[in-house]
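Beneath this line is the structure, given in structure tokens, with notes to follow.
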Amino acid sequence: MAIILNIETSTKVCSVGIAVDGVITSLKETQVANSHAELVTLYSEFVIKESGYTLADLDAIAVSKGPGSYTGLRIGVSTAKGFCYALDKPLIAIDTLKAMAYGMIEQIDDENFLVCPMIDARRMEVYAAVYNQQLQCVQKTEALIIDSGSFHDVLSDHLIYFGGDGAAKCKEVLGHQNNAVFLESFHPSAKFMASLSEKKYQQDQFEDVAYFEPYYLKDFVAGIPKVKGLKD
């Protein structure tokens, strides 16, 4: 029996869940932005206790590795690493968009469709990938600037469900496409990681805790604050 703590902080969602043999037994999450640093450890302790376990009972720690928010990913990975070091447990990394795709497929009652999980980047840019119903990637993860011609080749032949905060942002641009369907309330969650982290655990697919870094996809660009009294 594998007991895995799953941590998802790649977007504004802070979500933590305990999974036993790939099934979530306790889940705690919020969509309050900028709450990750304050809540991720508290949520972890809550779900472990609610499931009737202790930290020592955990078999592994799984974390959503990105792409996504630079700050959110740093917090999630740092928290996961902290648990791994303190408890001497293995680290499992889950692709954020793949976990989202898994969750979308589970929620869709349809036939012959693709899913496109999207994470908001900047302006009209998103992190996105396209998966089929077998969770096979048919369009690799990319940072895309969305316009009216985006996904044209795929949309011409396939029904595509778009989900995530990037999809909500792009609906006005892509909504004219007949084969585009938008899951407006869909968001990342630790519950979508459970099956994937269980599979990796059973296959001993662990990360090197010392050297593992999140998958940012793009370099972090910090804004330069303006100094009063200085001209541009």
Exercise. Looking at VAL126, is it closer than 23 Å to THR30 by Cα and either in contact with a Ser or Thr (Cβ under 9 Å, 6 or more places away or on another chain) or outside any loop (DSSP other than H, G, I, E, B) (or both)?
Worked result: yes
Problem set entry | Every pair of residues 6+ apart whose Cβ atoms lie under 7 Å, when the first sits in segment 52-80 and is farther than 18 Å from LEU91 by Cα while the second is part of a helix (DSSP H, G or I) | GLY68/THR96
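Only one of VAL209, VAL130 is touching a residue at least 60 places away in the same chain (Cβ under 8 Å) and either among the charged types (D, E, K, R) or in contact with a helix residue (DSSP H, G or I) (Cβ under 9 Å, 6 or more places away or on another chain) (or both). Can you tell me which? Give the steps one after another, and end with the answer.
On the way: VAL130 fails: touching a residue at least 60 places away in the same chain (Cβ under 8 Å).
That would be VAL209, the only listed residue that is touching a residue at least 60 places away in the same chain (Cβ under 8 Å) and either among the charged types (D, E, K, R) or in contact with a helix residue (DSSP H, G or I) (Cβ under 9 Å, 6 or more places away or on another chain) (or both).
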Exercise. Looking only at segment 36-59, which residues are surrounded by fewer than 16 Cβ atoms within 10 Å (Cβ to Cβ) and either over 20 Å from CYS84 (Cβ atoms) or among the polar types (S, T, N, Q) (or both)?
Worked result: GLU38, GLU50, GLY52, THR54
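Within the bounds of segment 74-91, is there any residue that is within 17 Å of GLU142 (Cα to Cα), assigned to a strand (DSSP E or B) and modelled with pLDDT of 95 or more? Show your work before the answer.
Residues of segment 74-91 within 17 Å of GLU142 (Cα to Cα): none.
No; the residues of segment 74-91 include none that is within 17 Å of GLU142 (Cα to Cα), assigned to a strand (DSSP E or B) and modelled with pLDDT of 95 or more.
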Seminar exercise, completed: Taking segment 200-232 and keeping only residues that are of a type in the set (D, E, K, R) and either in a strand (DSSP E or B) or modelled with pLDDT under 95 (or both), one is left with GLU207, LYS218, ASP219, LYS226, LYS228, LYS231, ASP232
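The values are calculated or read from the model by the stated rules, or taken from the named source; none is laboratory data. Small disclaimer: the values here were computed from a predicted structure and weren't measured. Cβ sites come from the backbone with ideal geometry, for glycine too, and all protein chains shown count toward neighbours.
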